[in-house]
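Down below is the structure, laid out as structure tokens.
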Amino acid sequence: MPEGSTRKVPRKAERGEALPATASAPTPAMPIFRVFVPFACGYYLSYLYRTINAVISPDLVRDLALDAGQLGLLTSTYFLAFGLFQLPLGILLDRFGPRRVDAALLAVAGLGALVFALSRDFAGLVLARALIGFGVSAALMASIKAFTLWFALSRLASLNGWVMAIGGLGALSASVPVEAALRFTDWRGVFEVLAALTLLAAGAILYLVPERAAPAGGERLGAMLRGVAGIFGDAGFWRIAVICMAVQATFLSVAGLWVGPWLYDVAALPRGTVATYLLVFAVAMTAGFAFFGTAADRLESAGWGAERLFVLGAAVSTAGLALVALGVTRAALAIWIVVYFSSPAGALSYAILSRRYPSAQGGRVNTALNFLVFAAAFAAQWGIGAIVNLWPAADGVYPLAAFRAAFGACVALEVAALAWWLAPRRAATRRRGD
């Protein structure tokens, strides 16, 4: 539909169902190539930015003389800027649609990457990292919103899983490929290339994705704000959000930075091996996104809810990180693979909540969840650095005890969140028993 058109969106589109193939409707393949692919490219870059510091952290520490606390703050600024914009982002997505919002924000991310490449001090890098986090803050939420407008809701978990799998490819690119690029240039040169790619992705979304009016386009701002308040007042929302805040935020903070220092300092691996490990972990994460998204849709049709699969993945991820926190290093590769494969089950939360609320609220409910998750990820990533920094570093290497304490605190929060989720179920079981 052209911009500015007053023609109403068909009811099937409002419900997120596929439109019939007519002369004015998209062909079956068109949404894949002109909707899914451009938005997936944006999310790919978002995840690359999120995890790249795990590889370049030694360079940042060397060039800027950073300690663990400063490294954690620098990297977690991405999550802070990302999270703080989620609530207004949900309103923008529901009011103006994902195409224009995501394209504009990705242009800001490209600017942030350029500032990162040119910055010469810690403050400049923090500002640049914040611009990047702000700029990619819509990458996933805009994708999910676009999917609810262009595809049937029955395909949502699978589409979400596959776009997140492409995000996993971004994490994969931030491992061995970045390490290889550092042989020809420095981290500044890498970010100059990323700046150009991000601006290209913004242009692709703006010029390739067709415009489609958002169902909430005519909703007043006051009503939209009341809708946000209603989401935060919904006990069903918090049932999912608490686990995401603990488990997903921990995984984001560890995978985005601290797994790298752990491999360097605790496992005592050389830089090339660390990059290889991170590549393997990224493959495991990508497979996890694809597996859980596809499995959820199939199990849902068989009567086994996506929420159970979501909690099962969270429990396995927690158990794996608990082994790391206990100081198990002999089977480190296998343990981390389990953590990376199981943690993407948290992505099911977006499909679970999208089905719970009307399509017109899709942007707000998912960004409300994202706000909580990324605010928690900022606190976790910075907090891990602050805890690690309590132990003195010997030649830049922190001891096992530092990581045990930091990761152990995260595991304790994850266990508490899972116990909180189980409490209502146990109470309901006792009532049925009575």
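Every number here is computed from the coordinates shown, using simple stated rules; none is lab data. All figures in this text were calculated on a predicted structure; none of them were measured in a lab. Counting neighbours? That spans all protein chains shown, and the Cβs are built from the backbone with ideal geometry, glycine included.
Annotations for the structure displayed:
- Summing charges over all other residues whose Cβ lies under 15 Å from the Cβ of V324, with Lys and Arg as +1 and Asp and Glu as -1, gives 0.
- The chain - mean residue ellipticity at 222 nm from DSSP helices (-39,500 (n - 2.57) per run, n ≥ 4, rounded to 500): -24000 deg cm²/dmol
- Difference of contour (0.36 nm per residue) and Cα-Cα distance, V37 to A267: 79.0 nm
- Contour excess over end-to-end distance, with Cα ends at A196 and V316 and 0.36 nm allotted per residue: 39.3 nm
- Segment D59-A181, extension gain: residue separation times 0.36 nm, minus the distance between their alpha carbons: 42.6 nm
- Which label in (1) 24.2, 73; (2) 19.9, 59; (3) 21.2, 70 gives the computed Rg and Dmax of the Cα atoms in Å: (3)
- Residues considered: V283, V328, V411. Largest GNM mean-square fluctuation over the chain, using C-alpha springs under 10 Å, is found at V328.
- Karplus 3J(HN,Hα) series, Hz, for the range 261-270 with 6.51 cos²θ - 1.76 cosθ + 1.60 (x for Gly, Pro): x, 4, 5, 5, 8, 8, 7, 6, 8, x
- Of P58, P261, P270, the residue with the greatest mean-square motion in the GNM of the chain, using alpha carbon springs below 10 Å, is P270.
- Computed over neighbours whose Cβ is under 15 Å from that of Q70, the net charge equals -2, Lys and Arg +1, Asp and Glu -1.
- Amide N of the range 56-90 lying under 18 Å from the label point, which is placed 7 angstrom from the Cα of R188 along Cα→Cβ: 56-66
- Helical segments meeting 27 Å axial Cα length and Kyte-Doolittle -1.0 threshold in the chain (DSSP H): 98-118, 187-208, 271-301, 306-325, 362-388, 400-433
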